[in-house]
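Contents: one structure, followed by commentary.
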Amino acid sequence: MKMINFTISTVALCASIMVSGASVITNVALAGSKPDTLKLSPHEITLSARPVPFRRGNDEQKLFGDMIFRNGYVISSSSPYWGGLSGITVSQDGGEAALVSDAGFWARLKLSYKNNRLERPMKAVVGQIFALKGKPLKRQRDRDAEAITLLKGDQFFGDVLISFEDNHRVGRFRLSKEGGLGPPKAYLKMRSVTSTLRGNAGLEALAVLRGGRLKGSLVAITQSKKDRSGNFLGWLRRGRKLSLLRFTPPPRDLYRITDAASLPNGDLLLLERRYKFLSVNIRVRYVTQKELTSGRPIKGRVVMTANNSNHRVDNMEGIAVHQSSRGETIVTLVSDDNFNSFQQTLFMQFALPKNWQLAWRKPAAK
């Protein structure tokens, strides 16, 4: 939920705030506010994109941790089929983006750049996410898409994997240039994982590793399911073999992992978010591929942190990585507005300095 620049009257109105691992729910969030996708056919919608700095009140600051802010937008639309964006993937050259909404629809954007900065996205194509054999997803619990990743990181138009919460599953879909997102070809056989998940404790983050010894392997991470030691659970899927992953937060840490993206060499960036009353904090964490096979709890290293008091952040749920025409690593973040007037859809892009991973791959100081 958007918790930025609240007035006293707004706070009073939102006095009943309930914080869960997945979202912030208020007494003004109306049930059934998500759009009905049953009759949604693929069509183009118009977007309005307003440029915003990342640092509030400061257009000049560009460096945030290890990440260099390029530019970003608040994106809105008069269409009901824009919002709730929970996952994003971007083509290798950064020219295409595919997103999924927890209301059960997909969106596709064409992205263009000028002077190495993203230009305003003005149009999107949207359509409903189908069940097997092209049948509609009639129940809301079946539509809660949370993450999307390319099955082959260098091939945008092809197969993608999408994870769903509530009715927990990971589907394999076909993304085509002409028809958008087709019905699922199949669901991955991960019953030993999905049968243990409940409610919003599902697979919030997906990433197919794009390089290294584990190239082609799937990393799937839950948002709030933990082991007895307090580690968040995830899985590494190589072929049909599943290995347990454990992600260790600092003591008394309230962050949750909301998405993941593979770097070209197969290392990971994790997007994390924390709600604490009226504040929202986010961070981006770097995890090496070696850590994924260590058998030990995974800590990684934080490369950027931000909060809604000082930065333009909201309910950040999607992260994607691509390479610019100059060979830079570009990181895209997107937020889920929960279809309410208190939040926004933010679309932000950052660059990572050349060879930045070399320093991070050195052993941590004790």
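A Förster radius of 45 Å, combined with the Cβ-Cβ distance separating Ser243 from Asn307, puts the computed FRET efficiency at roughly 0.85.
Taking all Cα pairs closer than 8 Å and separated by 6 or more residues, the relative contact order of the chain comes to 18 percent.
By how many nm would the segment from Lys110 to Lys215 grow when fully extended, if each residue of separation counts as 0.36 nm and the alpha-carbon distance is taken off?
35.1 nm
Going Cα to Cα from Lys110, which lysines come in below 23 Å? Please leave out same-chain ones fewer than 8 positions away. Answer for Lys110, where 23 Å is the Cα cut-off: Lys123, Lys152, Lys177, listed by chain and number. If R0 is taken as 25 Å, the Cβ-Cβ distance between Asn58 and Arg326 corresponds to a FRET efficiency of 0.50.
Charges were assigned to the Cβ only: +1 to each Lys and Arg, -1 to each Asp and Glu. The resulting dipole of region 141-297 about its Cα centre is roughly 540 debye. Within the shell of other residues whose beta carbon sits under 13 angstrom from the beta carbon of Leu111, the net charge comes to +4, with Lys and Arg scored +1 and Asp and Glu -1.
The length gained by stretching the chain between Ser192 and Lys354 to full extension, at 0.36 nm per residue less their Cα-Cα distance, is 54.3 nm. Report the residues of region 70-96 in range of a label on Asp142: point 7 Å along Cα→C-beta, backbone N strictly under 15 Å from it. Under cut-off, by backbone N: nothing. When +1 charges are put on Lys and Arg Cβ atoms and -1 charges on Asp and Glu Cβ atoms, the dipole computed for region 38-191 relative to its Cα centre reaches about 440 debye.
Cα centroid distance between region 88-124 and region 296-340, in Å? Centre-to-centre distance over Cα atoms comes out at 15 Å. Positive-end ranking of Ala320, Pro297, Leu268 along the dipole of region 8-360, with charges on Cβ about the Cα centre, is headed by Pro297. If only the Cβ of Lys and Arg carry +1 and only the Cβ of Asp and Glu carry -1, the dipole of the chain around its Cα centre is close to 1240 debye.
Working from label points 7 Å from Cα in the Cα-to-Cβ sense, the Arg252 to Lys177 distance is 5.6 nm.
Applying a DSSP loop filter and a limit of 15 other Cβ atoms within 10 Å to the trypsin sites (Lys or Arg not before Pro) in region 87-174 leaves Lys138, Arg139, Lys152. When shorter helices are ignored and each DSSP H run of at least 4 residues is given -39500 (n - 2.57), the per-residue value for the chain at 222 nm works out to -1000 deg cm²/dmol. Between Met122 and Lys276, how high is the FRET efficiency from 1/(1 + (r/R0)^6) when r is the Cβ-Cβ distance and R₀ = 35 Å? Nearest 0.05. Taking R0 as 35 Å, the efficiency between Met122 and Lys276 is 0.45.
Bear in mind that the values in this text are calculations on the coordinates, not laboratory data. Since the structure is predicted, the reported quantities are computational estimates derived from the model, not experimental observations. We place every Cβ from the backbone using ideal geometry, glycine too, and count neighbours over all the protein chains shown.
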